[in-house]
1. Any chance you could give the angle, 0 to 90 degrees and rounded to 10, that helix 80-93 forms with the longest Cα principal axis of the chain?
2. Based on the Cβ-Cβ distance from residue 131 to residue 7, what FRET efficiency comes out when R0 is 30 Å, to the nearest 0.05?
3. P(r) for the chain: what percent of alpha-carbon pairs falls in each 10 Å bin, starting at zero?
4. Based on alpha-carbon centroids, what's the gap between the range 79-102 and the range 115-143 in Å, whole number please?
5. With label points built 7 Å along Cα→Cβ from the Cα atoms of residue 66 and residue 111, find their separation and express it in nm.
6. If each DSSP helix of 4+ residues adds -39,500 (n - 2.57) and the sum is divided by the residues in the chain, what number results at 222 nm, nearest 500 deg cm²/dmol?
7. Take 125, 1 and order them by how many other Cβ atoms sit within 10 Å, fewest up front.
8. Taking Cα pairs under 8 Å and at least six residues apart, what relative contact order does the chain come out at, in percent?
Ligand SMILES: C[S@@+](CC[C@H](N)C(=O)[O-])C[C@H]1O[C@@H](n2cnc3c(N)ncnc32)[C@H](O)[C@@H]1O
């Protein structure tokens, strides 16, 4: 019986991880040293609501929540292991203004967000761009780590040639 339970747990872990990789991106975390650059570009205000689509281990969510204690920060993560790690990190840090949801961001309404952060594969961007166009309100900032949105006009931040690009878009 214990073997069967262990097998089911392992399968759930592997399947959710593979599913996330297949529909948008595998887990590759943002470099820790780039998190503050991304946060600076986002120009976060206390009243903002920040969404991290594909929160991974929760590092972006946690850092924003710590730096902006009155800003609401929500991470969406569909890989069960990463979801649990991210939830545990937030709990351990004791932040009260952030949460991680075990949800597929493609199926969410993103209209509440003022800031959206993403680090996803190029193939996911086209689909997400359509979702952004239909759901995000004017003034919402989108920060994309490494990969641009294919059809949107924005700014590129890449301080040196060795740095990874961060693309910033403001919804019109
Ligand atoms: C490249 S990682 C980025 C993690 C984190 N944002 C960071 O920068 O460190 C992409 C994450 O998106 C998650 N993911 C992929 N598709 C998703 C979906 N449709 N809904 C929620 N999470 C998803 C993956 O499991 C993975 O953890």
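1. So the helix axis and the longest Cα principal axis differ by about 70 degrees.
2. Working: r = 36 Å, r/R0 = 1.19.
Once the sixth-power term is evaluated, E becomes 0.25.
3. For the chain, the binned pair fractions read 10, 39, 36, 11, 3, 0 percent.
4. Spelled out, the Cα-based centre of one part sits 22 Å from the other.
5. 3.5 nm
6. That comes out to -13000 deg cm²/dmol.
7. On the way: 125 21, 1 5.
Going from least to most buried by this count: 1, 125.
8. Details: 305 pairs, mean separation 34.0, N = 172.
Relative contact order comes out at 20 percent.
Here, each number is a calculation from the coordinates, and none is a lab measurement. No experiment lies behind these values; they were computed from the predicted model shown. No Cβ is skipped: glycine too gets one built from the backbone with ideal geometry, and neighbour counts run over all protein chains shown.
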